[in-house]
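Trainee: Submitted below is the structure of interest, expressed as structure tokens.
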Amino acid sequence: MNAQNLLQMFDANALRALAPLIALALGLVLVLFAGVFPLGRAVRATLVVASLAASAVLHGNLLLGGETPGKVLAGTFESSSTTAMWGLVFVASTLFAWLYSVRYYEEDAPFKNEHDVLMLATAIGMMLMAGARDLIVFFIGLELLSIPLYALAAFRRDRARSVEAGLKYFLLGAFAAGFFLYGSALVYATTGSLSLDTLADPAARAALGQPMALVGVALIAASVFFKVSVFPFHLWVPDVYEGAPTPVTALMATGTKAAGFAFLMSALVLLPASTATTVALIAVITMAAGNFGALAQTDVKRMLAYSGIAHAGTLLLGVAGAIHGDPSNGAPVQASLVYMAAYVATAAGAFGLLALLERDGGPTTLESLKGLAQRRPWVASALTLFMLSLGGIPATGGFLGKYLVFSVAVRSELTGFAIVGVLLSVVALGYYLRVIIAMYMQSPEHDANVSAPRPASAATTLASIVCAALVLATGVLPGWLLELT
């Protein structure tokens, strides 16, 4: 490719489409230099927040500004109102995780600059994944998200469980990356293209029905299913979520899952309509594995890890509905966006409060939560709200998301799977209510072992208030979010 063609690719339209990513990249470089030339914690924090805010404003401009750039970079990347909305979800998940991390690391404070750089890198990777219209571009985004997360999971190097979590995530993630590349190679060998738009043509769709292409699509699906923690590629989740620093766990549970499903919704051309029933079956098995696995947990962090698996299954049911239904119907995309927007606020808030409680000392078990309403009433009330939203109780964002996803399944003639999904959601209330009962109706058995509460930082308080407000706003007044999506 000569210089003239390169300049034509990066025209004004492409720069407008890539502006949110460029803002984060510039912020990442500035934060990196802030560590090389010690400029103080306040300067670094300002750079991080400014980078995320600039990206959010640019995404908001694309979302609300009317005409969007569309496909750029020779059709390999798309900037639309949908990708802009996904971008806002990614920025929110990164910002919440960062806010909860501000006072979380005490022993690792000298390395906080590297931590912030890695978090900004993950956000860029998420946005590339959501806008990718080519399998190679998606893979670049996937690795730009995954590699920083491997390091973040093992960030607390003096703790064996954190290092173990990073190692497990890296080894399994490397296999998933290999699956994706090998699957893409098989698809290319069969169809001659890696472009999702080309693969949507009737001739390419016919070629995707050949055995070699089907194996390739299955390997690509396996790689993405690993990233979003779908059965049978979910077994890594409890160990990695438990061992990783809790703010990092919040980012993995929200942003990573959102990026994976954003790509799935745009890559439906790879899946023939006949696979809808299979995907729906995998979805309900994932929900069952997550919910029944969570029932057996006493550690709240592992409980929420299994809960995240169940929520991935619920979202996958919406993907099955999109495969079975009319491809031009925007309801599945809207349902996924609303579900993830509510889930980001809910899960980030729940994991963030667990990070706060970890600073009080000791593990975040059901035993340690007993009597929390007397020690930290505002934490207990916020955690109660997040548990109710995760359980899909009306007047919370979680209820709205589940309602939309199950509605998509019913309209796509997957009613039986939707009914099973609703019943499994009722099962989930069993372990969410255990957390509420422990906080309000039980007292600690050994008062001497309960550490005195430490004051929450301003960043933690702000993030918790915003998360709680978003959960209530999407549940009580959902019109604004439905209109936005």
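Bear in mind that the values in this text are calculations on the coordinates, not laboratory data. Source: prediction; values computed, not measured. Don't worry about glycine lacking a Cβ; one is built from the backbone with ideal geometry, like all the others, and counts go over all protein chains shown.
Trainee: Could you tally the net charge around Val224, taking each other residue with its Cβ under 14 Å from the Cβ of Val224, Lys/Arg +1 and Asp/Glu -1?
Mentor: Its environment carries a net charge of +1.
Trainee: If you count, for each residue, the other Cβ atoms within 10 Å and average over each peptide, how do 302-314, 33-45 line up from highest to lowest?
Mentor: Packing proxy ranking, top to bottom: 302-314, 33-45.
Trainee: Under 24 Å from the Cα of Lys168, which lysines turn up, not counting those fewer than eight places away in the same chain?
Mentor: The qualifying lysines are Lys112, Lys227, Lys257, Lys301.
Trainee: To continue, here is another question. Please give, to one decimal in nm, the separation of the simple spin-label points placed at Ala473 and Arg159, each 7 Å out from Cα toward the Cβ.
Mentor: 3.2 nm
Trainee: In whole percent, what relative contact order does segment 260-316 give with Cα contacts below 8 Å and a gap of six or more residues?
Mentor: Relative contact order of segment 260-316: 38 percent.
Trainee: Take Glu67, project a point 7 Å from its Cα along the Cβ direction, then tell me which residues of segment 11-53 have their backbone nitrogen under 20 Å from it.
Mentor: From segment 11-53, the list is 11-20.
Trainee: Could you work out the helix-only [θ] at 222 nm for the chain, with each DSSP H run of four or more residues adding -39,500 (n - 2.57) and the total divided by the number of residues, to the nearest 500 deg cm²/dmol?
Mentor: -24500 deg cm²/dmol
Trainee: Residues with amide H under 5 Å of Phe77's amide H, sequence separation 5 or more or different chain, H placed in the peptide plane at 1.01 Å from N; which?
Mentor: HN-HN under 5 Å from Phe77: Val72, Arg133.
Trainee: Between Leu235 and Tyr188, what is the FRET efficiency for a Förster distance of 45 Å, r being their Cβ-Cβ separation, to the nearest 0.05?
Mentor: 0.90
Trainee: What is the sum of charges, Lys and Arg at +1 and Asp and Glu at -1, for the other residues whose Cβ falls under 15 Å from the Cβ of Phe77?
Mentor: After counting each charged neighbour, the total is -1.
Trainee: Hey, another quick one. Report, largest value first, the span of the C-alpha coordinates of the chain along each principal axis, in whole Å.
Mentor: Largest first, the chain extends 71, 59, 42 Å along its Cα principal axes.
Trainee: Could I ask something else about it? Could you give the nm distance between label points at Arg205 and Ala12, where each point is 7 Å from its Cα heading toward the beta carbon?
Mentor: The answer from the label model is 3.7 nm.
Trainee: Continuing with the same structure: With label points built 7 Å along Cα→Cβ from the Cα atoms of Asp197 and Val215, find their separation and express it in nm.
Mentor: With each label point 7 Å from Cα toward Cβ, the separation is 3.1 nm.
Trainee: What relative contact order, as a whole-number percentage, does the chain give when Cα pairs under 8 Å and 6 or more residues apart are counted?
Mentor: Computed over the chain, the figure is 14 percent.
Trainee: Right, another one. Return a whole-number percent for the relative contact order of segment 336-485, with Cα pairs under 8 Å and 6 or more residues apart as the contact set.
Mentor: 41 percent
Trainee: How long, wide and thick is segment 343-442, going by the Cα atoms along their three principal axes, in whole angstroms, largest first?
Mentor: 50, 23, 22
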